[in-house]
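Chemist: Please see the structure below; I have some questions.
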Amino acid sequence: MTTYDISKKGDALRAASAGDFDQLPIYMPEMECMDRAGIRALQLEKLQAQVRYAYDHVAYYRDEMDALGVSPDDITSLEDVQLLPFTDKAALRETFPFGMFAVDMDEVIELHASSGTTGKPIVVGYTRDDMDVWSDCIARLVQMAGVLPSDRAQMAFGYGMFTGGFGLHYGLQKLGCAMIPAGSGNTERHIQMIEDYGTTVLIATPSYAMRICEVGEQLGYDWKRSPLRVGLFGGEPCPPALKRELEERMHIVCTDNYGLTEVMGPGVSGECLAHRDQQHIAEDHFLWEIVDPDTGEVLPEGSFGELVLTPLDKQAIPVLRYRTHDLTRITTSACACGRTLARMDKVRARCDDMLIIRGTNVFPSQIEDVLKDIEEVTPHYHILVETINGMDALTVQTEIRPEAFSDSFEAMNAIKAKVKAKLDGTLLVGVQVQLVEPGGIERTAGKAKHVTDVRDKA
Ligand code: DLL
């Protein structure tokens, strides 16, 4: 067996592709590699305590459970979670700001809020124990990517109410990394800091990481010789083609990590280097279910549907059966990395981001998948939905790659026709295509906004 020095650029990936997983660290092997029966027993014990805690401390849950005629004593198996009410965003909004809190504010040591753009935000709180659990969950997922205590980690998430910044910060620091709290924005400064401080780990949304990559290339920065070796991404879908491109162009290993404010923030699940399109769920802290997004009916393991999460040891805000709206499927089969924790497929779509165009369902991820196979365009795109002559009109703006860009009208028209034919064929609805010059699609320092829907609502 070859020995790898995984603090060296590329060695974690080389070890993983050679199947030498015992050379990659596991932060909490006693939890992450526990046998399935042990995980289920631990989950049941925690679920019973958490349901009792929510019932005793949150009036909202007491009322909901009383109305359903369910008592905490009815939870005698993991399947009994199905007796409990669902929780959705509306419940957290209606009780804004602290109506769902189970503890006195004196016990809360930090607040965060969702990144919602409309209406009231959702505010969540954490006790000291909640923060400890959160940091442990993060330390685990960063080690899945091969991050070590000796790493220097540069934060490109914002440090505001968004859970991404501080969440990753505390977890990386708990592992022992040197944190470089650069924050979001000022892309050129990020590149300078990577070089000056010998940054080895970058934390960002994948779309902002691509921006950092491009700006570095424009400045003549040599990513191959850069100290950077790991990218920790999350906060938005990371299409496989985008991840591959970032790994190749920046010469780093990237993992994509999932979470949401309402149940904790980042740290719910993270990608290991064995299954690059899935993420291990921190099952000792989250009970998962997959339900039919329309009926709420619980689906068997392996089915594709909406992820529902019940955090198992939240103190400040216990949340029962949270409807994430994220679509995925879950498996508990063995993983080559050695972890026994269930794996969820990467979230590519939400049930509420489906567009209905002249009666046909269209997901932005379908458009992404078509564009990724067209070599003349970049992964950057934007979708505009309007009402024209009383009808839905869908325009896909896609950015041409510098090497494919020319001032020949015919050449550009041929690319446009190719993109349109592929999109029409997949989406089964007529699409307008607009080719945009390289760099023409707006880049943001946070989550990318892919859709503008300005249809008449009448
Ligand atoms: O985005 C938490 C987070 C921050 C996760 C940083 C990972 C890294 P919210 O702002 O509440 O929380 O948004 C949560 O974003 O329901 C998903 O729809 C989406 N999302 C988050 N991470 C991923 C991911 C944070 N890796 C919502 N892949 C979730 C796909 C993601 N979607």
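Chemist: For Ala67 and Ser150, compute 0.36 nm times the residue count separating them, minus their Cα-Cα distance, and round to one decimal in nm. Each step should come with its number before you reach the end.
Modeler: Values: separation 83, 0.36 × 83 = 29.88 nm, distance 5.30 nm.
Net length gain for the segment: 24.6 nm.
Chemist: Also, quick follow-up: Just need the Rg to Rh number for the range 233-281, please, alpha carbons only, Kirkwood Rh.
Modeler: That ratio equals 1.00.
Chemist: Just to be sure I follow: if Rg is taken over the C-alpha atoms of the chain and Rh is the Kirkwood radius over the same atoms, what is Rg/Rh? Please report the intermediate quantities before stating the final value.
Modeler: Values: Rg = 22.7 Å, Rh = 23.3 Å.
Reported Rg/Rh, Kirkwood definition of Rh: 0.97.
Chemist: Defining a contact as two alpha carbons under 8 Å apart and six or more residues distant in sequence, what relative contact order in percent does the chain show?
Modeler: So the answer I get is 14 percent.
Chemist: What whole number of Å gives the distance from the Cα centroid of the range 51-108 to the Cα centroid of the range 229-255?
Modeler: One Cα centre to the other: 38 Å.
Chemist: Within the range 258-281, which residues have the backbone N less than 14 Å from the label spot 7 Å out from Thr332 along Cα→beta-carbon, could you tell me?
Modeler: 281
Chemist: If the limit is 30 Å between Cα atoms, which of Lys314/Lys447; Lys243/Lys418; Lys120/Lys416; Lys174/Lys346; Lys120/Lys447 go over it?
Modeler: Going by Cα-Cα distance, Lys120/Lys416 fall outside the 30 Å limit.
Chemist: Further, regarding this structure: Provide the per residue accessible area, probe 1.4 Å, for the chain, rounded to a whole number of square angstrom.
Modeler: Numbers: 19220 Å² over 458 residues.
I get 42 Å² per residue for this part.
Chemist: Sticking with this structure for a sec: In angstroms, what radius of gyration and Dmax does the range 75-165 have, counting Cα atoms only?
Modeler: 16.7, 46
Chemist: Using a 1.4 Å probe on the protein chains only, how many percent of the accessible area of the chain belongs to carbon and sulfur? Working shown, then result.
Modeler: Working: 9950 of 19220 Å².
Answer for the chain: carbon and sulfur cover 52 percent of the accessible area.
Chemist: Against the 2.2 N^0.38 Å scaling, with N counting residues, where does the range 1-106 land? I'd like the Cα-based Rg ratio to two decimal places. Walk me through the numbers before you get to the answer.
Modeler: On the way: Rg = 21.5 Å, N = 106, 2.2 N^0.38 = 12.9 Å.
Against the compact-globule rule of thumb, the ratio is 1.66.
Chemist: A further question on this structure: Using Cα pairs under 8 angstrom and six or more residues apart, how large is the relative contact order of the range 138-283, in percent?
Modeler: 24 percent
Chemist: Let's test this: bin the Cα-Cα distances of the range 323-421 at 10 Å from zero up to the farthest pair and state each bin's percent.
Modeler: Bins of 10 Å from zero give 12, 31, 28, 19, 8, 2 percent of pairs.
Chemist: Within 10 Å, count the other beta carbons around each residue, average over each peptide in 282-295, 77-90, and list them highest first.
Modeler: Packing order, densest peptide first, comes out as 282-295, 77-90.
Chemist: Roughly how many debye, to the nearest 20, is the charge dipole of the range 80-169 about its Cα centre, given +1 on each Lys and Arg Cβ, -1 on each Asp and Glu Cβ, and no other charges?
Modeler: 460 debye
Chemist: Considering only Val103, Thr76, Pro25, whose Cα is most displaced toward the positive end of the charge dipole of the range 1-108, charges sitting on Cβ of Lys, Arg (+1) and Asp, Glu (-1)?
Modeler: Toward the positive end, the furthest listed residue is Pro25.
Chemist: Tell me the accessible surface of Leu175 in square angstrom (1.4 angstrom probe, heavy atoms of protein chains only), to the nearest ten.
Modeler: 20 Å²
Chemist: At 1.4 Å probe size, put Thr387, Thr205 in order of accessible surface, largest to smallest. Intermediate results must be reported in sequence, preceding the final value.
Modeler: Numbers: Thr387 40, Thr205 0 Å².
Most to least solvent-accessible, the answer reads Thr387, Thr205.
Chemist: Can I ask one more? Would you work out the charge dipole size for the chain about its Cα centre, treating the Cβ of every Lys and Arg as +1 and the Cβ of every Asp and Glu as -1, and quote it to the nearest 20 debye?
Modeler: The calculation lands at about 1020 debye.
Chemist: Projected area of the range 188-269, taken from the Cα convex hull and averaged over every viewing direction, in nm²?
Modeler: Mean projected area of the Cα convex hull: 5.4 nm².
The values are calculated or read from the model by the stated rules, or taken from the named source; none is laboratory data. These numbers come from a predicted model, not from an experiment. Note: ideal-geometry Cβ built from the backbone for every residue, glycine included; neighbour counts use all protein chains shown. We work out accessible area using only protein heavy atoms, side chains counted, and drop any ligands, DNA or RNA first. Shrake-Rupley method; radii C 1.70, N 1.55, O 1.52, S 1.80 Å.
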